[in-house]
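Nothing in this text is a laboratory measurement; each read-out follows from the coordinates by a stated rule. Fair warning: this is a prediction, and the values are worked out from it, not measured in the lab. Here the Cβ positions follow ideal geometry from the backbone for every residue, glycine too, while neighbour counts run over all protein chains shown.
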Amino acid sequence: MSQKLDKTPNVISKMFTSLAPRYDLMNDVMTGFTHHHTRKFALELIREKQIDRILDLASGTGDFAFLLNNLLKSETVIIGCDFSRGMLEIACHRLQTIQNVAEKKLAFFCSDINHLPFSDKIFDVCSIIYGLRNVQDPLGVLHEIYRLTKPNGRLVIVESNIPLNPIIRFLLSFYFKKIVPIIASLFASNVQAYDYYFKSVEQFIAPIGLLKLLKKSNWNQVTINRLLFDTVIVYEISKK
Ligand SMILES: C[S@@+](CC[C@H](N)C(=O)[O-])C[C@H]1O[C@@H](n2cnc3c(N)ncnc32)[C@H](O)[C@@H]1O
């Protein structure tokens, strides 16, 4: 296993800011556009619910928040938060290009998701898409999201995963160690950061570990959906 990654907030937010100019492009190229499929899967879990307020944590350039904006009724308040100014600048730029933004009540703001400036129990749904493995204290973040979520509210987590199947594991490792550096050298605004990407997936707690953290932070009723040969997991979680 590689050396433990430094996930102090300053290091991570700077790294994502350096990635931001080409983040969306790299996501498309590196995943062969499959990240759209996983986001849409997560979106379907939210579609049927009665939602007044939704919080998208570690929102990045806002991909998921914009999908929510298209999906949900116009009265729904959608808030995206992230601590990388570079990622947020792109989200805000995209926001300015949307015509119906005033009706839709979509906003982004800058904050560390470990400590959010909201009262208890105000969100019907929270989401964190490819964000949790980047935080220093995932348990603290899960506690914080629990605090903000209404009773009977929901949390949707999407996270990359290293599958148990040895063949897929081998192919994934080959792809990220040999092919992605070439793709990154052609398209990325910070090539080294893509080394971080695979290591952060390798070092992240396996689904069983995340289930334990969810239990410790009082969440219950977890449904696990394994996508793309188990390389992505979508967790649907409720607060009873
Ligand atoms: C891999 S990106 C995912 C962005 C977006 N959710 C998406 O699906 O494209 C991870 C994001 O998490 C943010 N992040 C990591 N740790 C954070 C923290 N403690 N507080 C706020 N944002 C954080 C980073 O700035 C980055 O934008």
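What the table below lists for this structure:
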{"quantity": "Residue-by-residue Karplus 3J(HN,Hα) for the stretch 19-25, coefficients 6.51, -1.76, 1.60, Hz, glycine and proline x", "calculated": "7, 3, x, 10, 4, 5, 4"}
{"quantity": "Order of 183, 157 - criterion: other Cβ atoms within 10 Å of each residue's Cβ, fewest first", "calculated": "183, 157"}
{"quantity": "For the chain, with +1 on Lys and Arg beta carbons and -1 on Asp and Glu, the positive-most of 213, 70, 188 along the dipole", "calculated": "213"}
{"quantity": "Of 150/240; 178/199; 73/121; 7/178; 14/178, those spanning more than 19 Å from alpha-carbon to alpha-carbon", "calculated": "73/121; 7/178; 14/178"}
